[in-house]
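K.L.:
Before we start, here is the structure in question, set down as structure tokens.
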Amino acid sequence: MGRRVFCLILVLMILFSLAACGKISKDKAADIALEKLGLSRITTTRIDTERTAVAGKDAYKVTIYQPYENQIVIVDAQTGEVLSESVEDANRG
């Protein structure tokens, strides 16, 4: 009986630790970026999300395209924290 309890506790600890290590999804990163900027998916032309690394952190680069400007938000893939944001002219090129 003691061995079964130990195994059950061990399995539960592993499952909880794996759940805590999960990364946010690309869609969640886009939602975080939109919320940070006060935008919605309806008001944007397009949203691109790609995996990147910033200062040794796993992150998402979220580019939000709008008619006159593109906004770039870097979101930490582990925590969902916004690491940086910038704006570029949509007509640049």
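K.L.:
What is the sum of charges around residue 50, taking Lys and Arg as +1, Asp and Glu as -1, for the other residues whose C-beta is under 9 Å from the C-beta of residue 50? Each step should come with its number before you reach the end.
P.N.:
Values: positive: 26, 51, 61; negative: 48.
Local net charge: +2.
K.L.:
Give me the aspartates and glutamates in straight-line cross-link reach of residue 26: C-alpha distance below 19 Å, same-chain residues under 8 apart excluded.
P.N.:
35, 48, 50, 58, 76, 81, 85
K.L.:
Can you tell me how the stretch 36-93 classifies by the Cα gyration tensor, rounded, prolate or oblate, using a/c under 1.5 as the rounded cut?
P.N.:
Note, shape of the stretch 36-93 comes out prolate.
K.L.:
Give me the net charge of residue 77's neighbourhood, meaning all other residues with Cβ under 13 Å from the Cβ of residue 77; Lys, Arg count +1, Asp, Glu -1. It would help to have the intermediate numbers written out before the result.
P.N.:
Values: positive: 23, 26, 28, 51, 57, 61; negative: 27, 50, 58, 76, 81.
Summing Lys/Arg as +1 and Asp/Glu as -1 gives +1.
K.L.:
Could you calculate the FRET efficiency of residue 46 with residue 89 from 1/(1 + (r/R0)^6), where r is the beta carbon distance between them and R0 is 22 Å, rounded to 0.05?
P.N.:
0.85
K.L.:
Over the stretch 52-93, average the accessible area per residue using a 1.4 Å probe and give it in Å², no decimals.
P.N.:
On the way: 2380 Å² over 42 residues.
Here the per-residue accessible area is 57 Å².
The values are calculated or read from the model by the stated rules, or taken from the named source; none is laboratory data. What you are looking at is a predicted structure, and each value in this text was computed from that prediction instead of being measured. Glycine also receives a Cβ, built like all others from the backbone with ideal geometry; neighbour counts cover every protein chain displayed. Areas reflect the complete protein model, heavy atoms only, side chains present, ligands, DNA and RNA absent. Shrake-Rupley method; radii C 1.70, N 1.55, O 1.52, S 1.80 Å.
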